[in-house]
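Participant: Quick one: the structure is below, and I'll ask about it shortly.
The values are calculated or read from the model by the stated rules, or taken from the named source; none is laboratory data. Computed from a predicted model, the values in this text were never measured in an experiment. Note that each Cβ is placed from the backbone with ideal geometry, even for glycine, and that neighbours are counted across all protein chains shown.
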């Protein structure tokens, strides 16, 4: 106790530090730190107005209750604890990339049909008194607060933090407002309103009479302070028009414009850009932020477009996906199928008229091209049979191109070309045609083979003749050599005859007889040999057409050469001398003894007697027998030679 009394002056500051808030509150002092605000609740009023106006919960003029005025950081006096309740509230912080949406718990009533309270300038909802005295309305506020720190009276305002809205690249934001004036009757979207900064300033939009609902304006890629209580945003892809196409715009909003198509075009209105209808100016290749909720863009190819009437083939544009092979019937009653390709071109300046007339490219194909081309080929097939249709394909294709081009010109479309593809006749008829063609081709093949065989025979004949030419030349040279030898033999024989005296007349007569017989035999033998060679040559010629004939001619030439040689020798030497020569050659060749071992002579008078005649005959018979044997050997040699040739 003594210790406490002694150091009482120290205890008092410690108690003040510990219980300073309570002490200050007892003396009506309040301290608000830097990161707080003071929310004041007044419990009663001693002097002045004490009750709030009907419907109000925030006091503006000092009435009892929640006070509109807040306490900023600092020291305040006369805030007695029995009269005021001070609530220290943390400052409101809105992070980067977010916005604060405000809901007022007090204020004027919203007008009928409105869902958002209109904006009041109140320092970003920090001046509560100004908000309430300047007509601030209770409920959701059209205004919002962006990133930062605020002293917000949470007795009056409730704060919701939401993210900024982001539109991605190559996307378009389609806007639908939730507040504003009703859309005019007959329109599907509100009117254009300027100055609202891409719908970030809701109050400017509403003050300008903007309509609730679908908006014709869009927002592009980026981040926006969008109040989701005011607008909803739907992202769609940008309209891309590829190279080789134009985009014809059909607008469902806008003012009624003047028709630019002229009096001759009676299939719809073509108007200027921004007006309601088909725009006269199409969009070129590129990307466009088109609001497809109020507009439609029909792609029209400006390059050559191919459409196939074929079951198994379709182009990438898919405009011909519903087209199929055309079935026609010929004049003779046969049904058959044919594939057709049609090439068309739509000029850029004519694209709006095509869309105004048909609405889309698919309608153009279904309403014009399909019936036009199908009926043309059905009618064309009925005036011809299948075979004639096949054989006149080119002419029919040219006629189809001309006729279809004339029809398409009436629809502002250029017909570039018409092509007939596969033609599939009936199977039974096709088999008949195939069999006929095979027979014709076989006949042509046989004729070709026949001509080739004749050519081959001619070639072999000429080849054989060329091969035998060497033998013919050899034979001719043989004849010439034989003639030279014969001449030499004649001269030699003549010289020997003049130098040698035949001593005996009998011997001369005998030699003459022998020579005559030998000459006759030689002549017969030569003729027989010639006939034999000729017969063999003919037979050989029959067996081998060209080679045999050449061989026969060779043998015949040799025979003629020998005969001519003998003839020339006889003419040159004389018959007797030639005979003597041949007899002498034969005697020497056969080694015939002309002087017998036993000589029988005559009666001595020098005359040939009967004995001499018999001896001569015997000698002749011996020579002939030897000749026959020689002939037999020659035949054998000839036969062996022929066998070798075979």
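Participant: Suppose we keep only residues that are over 42 Å from the mean Cα position of the chain (by Cα), closer than 23 Å to residue 175 by Cβ and not assigned by TED's automatic domain parsing to the domain that holds residue 177 within the range 227-263. Which one would you say is modelled with the highest pLDDT?
Facilitator: 253
Participant: Shifting gears a bit: Looking only at the range 385-409, filter to residues that are closer than 30 Å to residue 358 by Cβ and in contact with a helix residue (DSSP H, G or I) (Cβ under 9 Å, 6 or more places away or on another chain); which one of those is modelled with the lowest pLDDT?
Facilitator: Step one: filter the range 385-409 for residues closer than 30 Å to residue 358 by Cβ, giving 396-409.
Narrowing further to those that are in contact with a helix residue (DSSP H, G or I) (Cβ under 9 Å, 6 or more places away or on another chain): 396, 399-400, 403-404, 407-408.
On the way: 396: 88, 399: 91, 400: 91, 403: 92, 404: 92, 407: 91, 408: 91.
Restricting to residues being closer than 30 Å to residue 358 by Cβ and in contact with a helix residue (DSSP H, G or I) (Cβ under 9 Å, 6 or more places away or on another chain), the top hit is 396.
Participant: Right, next: In the range 132-150, how many residues are touching a residue at least 60 places away in the same chain (Cβ under 8 Å), more than 16 Å from residue 179 (Cα to Cα) and not in a loop (DSSP other than H, G, I, E, B)? Break it down into steps so the answer makes sense when it comes.
Facilitator: Here is the first cut: in the range 132-150, the ones touching a residue at least 60 places away in the same chain (Cβ under 8 Å) are 132-133, 140, 142-144, 146.
When the remaining residues are screened for being more than 16 Å from residue 179 (Cα to Cα), the result is 132-133, 146.
Remaining after also requiring not in a loop (DSSP other than H, G, I, E, B): 132-133.
Matching residues across the range 132-150 total 2.
Participant: Inspect all residues belonging to the range 68-91 and state whether any of them is within 25 Å of residue 164 (Cα to Cα), in contact with a strand residue (DSSP E or B) (Cβ under 8 Å, 6 or more places away or on another chain) and free of Cβ contacts under 8 Å to residues at least 40 places away in the same chain.
Facilitator: First, the residues of the range 68-91 that are within 25 Å of residue 164 (Cα to Cα): 90-91.
The next check asks that each one be in contact with a strand residue (DSSP E or B) (Cβ under 8 Å, 6 or more places away or on another chain); those that pass are 90-91.
Subset that is free of Cβ contacts under 8 Å to residues at least 40 places away in the same chain: none.
Taking every residue of the range 68-91 in turn, none turns out to be within 25 Å of residue 164 (Cα to Cα), in contact with a strand residue (DSSP E or B) (Cβ under 8 Å, 6 or more places away or on another chain) and free of Cβ contacts under 8 Å to residues at least 40 places away in the same chain.
Participant: Further, regarding this structure: For the range 163-201, how many residues are touching a residue at least 40 places away in the same chain (Cβ under 8 Å), part of a loop (DSSP other than H, G, I, E, B) and surrounded by 15 or more Cβ atoms within 10 Å (Cβ to Cβ)?
Facilitator: 5
Participant: Is it the case, given these coordinates, that residue 224 is assigned by TED's automatic domain parsing to the domain that holds residue 119, farther than 21 Å from residue 120 by Cα and surrounded by 17 or more Cβ atoms within 10 Å (Cβ to Cβ)?
Facilitator: On the way: assigned by TED's automatic domain parsing to the domain that holds residue 119: yes; farther than 21 Å from residue 120 by Cα: yes; surrounded by 17 or more Cβ atoms within 10 Å (Cβ to Cβ): yes.
Criteria met by residue 224.
Residue-wise test of (1) more than 26 Å from residue 124 (Cβ to Cβ); (2) surrounded by fewer than 16 Cβ atoms within 10 Å (Cβ to Cβ); (3) at pLDDT 90 or above.
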site: 44; (1), (2), (3): yes, yes, no
site: 51; (1), (2), (3): yes, yes, no
site: 56; (1), (2), (3): no, no, no
site: 61; (1), (2), (3): no, yes, no
site: 64; (1), (2), (3): yes, no, no
site: 68; (1), (2), (3): no, no, yes
site: 74; (1), (2), (3): no, yes, no
site: 82; (1), (2), (3): yes, yes, no
site: 90; (1), (2), (3): no, yes, yes
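Participant: Within the range 151-162, can one find any residue that is touching a strand residue (DSSP E or B) at 6+ places or on another chain (Cβ under 6 Å), without any contact (Cβ under 8 Å) to a residue 60 or more places away in the chain and either assigned by TED's automatic domain parsing to the domain that holds residue 52 or within 30 Å of residue 192 (Cα to Cα) (or both)?
Facilitator: There is no residue in the range 151-162 that is touching a strand residue (DSSP E or B) at 6+ places or on another chain (Cβ under 6 Å), without any contact (Cβ under 8 Å) to a residue 60 or more places away in the chain and either assigned by TED's automatic domain parsing to the domain that holds residue 52 or within 30 Å of residue 192 (Cα to Cα) (or both).
Participant: In addition: For residue 381, state whether it is over 27 Å from residue 300 (Cα atoms) and touching a strand residue (DSSP E or B) at 6+ places or on another chain (Cβ under 6 Å).
Facilitator: Values: over 27 Å from residue 300 (Cα atoms): yes; touching a strand residue (DSSP E or B) at 6+ places or on another chain (Cβ under 6 Å): yes.
Yes, satisfied.
Participant: Right, another one. Checking the structure you have, find out if any residue of the range 441-450 is assigned to a helix (DSSP H, G or I), outside the structural domain of residue 386 (by TED's automatic domain parsing) and within 30 Å of residue 377 (Cβ to Cβ).
Facilitator: Taking the range 441-450 as the starting set, the residues that turn out to be assigned to a helix (DSSP H, G or I) are 441-450.
When the remaining residues are screened for being outside the structural domain of residue 386 (by TED's automatic domain parsing), the result is 441-450.
Adding the requirement that they be within 30 Å of residue 377 (Cβ to Cβ) leaves none.
Among the residues of the range 441-450, not one is assigned to a helix (DSSP H, G or I), outside the structural domain of residue 386 (by TED's automatic domain parsing) and within 30 Å of residue 377 (Cβ to Cβ), which makes the answer no.
Participant: Got at least one residue in the range 426-434 being touching a strand residue (DSSP E or B) at 6+ places or on another chain (Cβ under 7 Å) and in contact (Cβ under 8 Å) with a residue 12 or more places away in the chain? Lay out the reasoning, then the answer.
Facilitator: Step one: list which residues in the range 426-434 are touching a strand residue (DSSP E or B) at 6+ places or on another chain (Cβ under 7 Å), which gives 426.
From what is left, the residues that are in contact (Cβ under 8 Å) with a residue 12 or more places away in the chain are 426.
Checking the range 426-434: at least one residue is touching a strand residue (DSSP E or B) at 6+ places or on another chain (Cβ under 7 Å) and in contact (Cβ under 8 Å) with a residue 12 or more places away in the chain.
Participant: What number of residues within the range 45-93 are farther than 16 Å from residue 156 by Cβ and touching a helix residue (DSSP H, G or I) at 6+ places or on another chain (Cβ under 7 Å)?
Facilitator: 1
Participant: Follow-up. Which numbered condition trips up residue 103, out of (1) closer than 25 Å to residue 196 by Cβ; (2) within 60 Å of the chain's Cα centre (by Cα)?
Facilitator: Looking at each condition in turn, residue 103 falls short on (2).
Participant: Quick one: would you say residue 101 is modelled with pLDDT of 90 or more, in a strand (DSSP E or B) and in the same structural domain as residue 147 (by TED's automatic domain parsing)? Write out each step before concluding.
Facilitator: Values: modelled with pLDDT of 90 or more: yes; in a strand (DSSP E or B): yes; in the same structural domain as residue 147 (by TED's automatic domain parsing): yes.
Answer is yes for this residue.
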